[in-house]
1. Going by what's in this entry, would Val17 be described as surrounded by 15 or more Cβ atoms within 10 Å (Cβ to Cβ), in contact with a Phe, Trp or Tyr (Cβ under 7 Å, 6 or more places away or on another chain), modelled with pLDDT under 95 and not charged (D, E, K, R)?
2. Hey, does the range 51-67 have a residue that's within 28 Å of Gly121 (Cβ to Cβ), touching a helix residue (DSSP H, G or I) at 6+ places or on another chain (Cβ under 8 Å) and either at pLDDT below 95 or of a type in the set (D, E, K, R) (or both)?
3. Return the pairs, sorted by first residue and then second, in which the second residue is among the aromatic types (Phe, Trp, Tyr) and surrounded by fewer than 24 Cβ atoms within 10 Å (Cβ to Cβ), the first residue lies in the range 1-13 and is in contact (Cβ under 8 Å) with a residue 24 or more places away in the chain, the beta carbons are less than 6 Å apart, and the residues are 6+ apart or on different chains.
4. Which count do you get for residues in the range 89-102 that are surrounded by 15 or more Cβ atoms within 10 Å (Cβ to Cβ) and touching a helix residue (DSSP H, G or I) at 6+ places or on another chain (Cβ under 7 Å)?
5. When you go through (1) over 14 Å from Val13 (Cα atoms); (2) surrounded by fewer than 12 Cβ atoms within 10 Å (Cβ to Cβ); (3) of a type outside the set (Lys, Arg) one by one for Pro44, which number turns out not to apply?
6. May I ask you to verify whether Arg51 is touching a Ser or Thr at 6+ places or on another chain (Cβ under 6 Å) and touching a residue at least 40 places away in the same chain (Cβ under 8 Å)?
Amino acid sequence: MIILGIDPGLARVGYGVFEVQERPATGVAGTQRLLDCGMIRTEPGRSEGDRMVEIAADLRQLIRRWRPDLASVEKFFFYRSSNTIAVVQARGVLIMTLARFRIPVVEFPPMQIKLAVAGHGHADKEAVLEAVMRELNLEHPPRPDDAADALAVALTGWFQR
């Protein structure tokens, strides 16, 4: 099973993809293997519409490359910010693009992601990063931070499936 995790944003969309390999003849999950992680970046000088189109196009490329069986997306945590609406709109573009490919989507708020991967809903970034590295058997932290966050979202989707 291939799982795509997404940490939504307008300027930066973190993504992480890993594969869960089942043990032959048992159907029991075996190990997780990192396939890809990174960031979709859009330029601030462009119109929001153009940036949304770019996010959708880049996500389509990721979907075609990895053919995920499940997508796990972070729910937007509301706070007062000048870019709140734009981030929510970008998240909508992500969900719509996943739906067009008929990829099942699960969504989790930040506190639930922290609880699932680090064991505590108020875990700090370092604890979440250490848990991601442990679960995916990584020697080095995934970079950028948005990609590491997306991997935590993907792991939550796997744990909660």
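The values are calculated or read from the model by the stated rules, or taken from the named source; none is laboratory data. From a predicted model like this one, the values you see are computed outputs, not experimental measurements. All Cβ positions, even for glycine, are placed from backbone atoms using ideal geometry, and neighbour counts span all protein chains on display.
1. Criteria not met by Val17.
2. Among the residues of the range 51-67, not one is within 28 Å of Gly121 (Cβ to Cβ), touching a helix residue (DSSP H, G or I) at 6+ places or on another chain (Cβ under 8 Å) and either at pLDDT below 95 or of a type in the set (D, E, K, R) (or both), which makes the answer no.
3. Ile2/Trp66; Ile3/Trp158
4. Adding up the residues that qualify gives 5.
5. The one condition Pro44 does not meet is (1).
6. On the way: touching a Ser or Thr at 6+ places or on another chain (Cβ under 6 Å): yes; touching a residue at least 40 places away in the same chain (Cβ under 8 Å): yes.
Taking the combined requirement at face value, the residue satisfies it.
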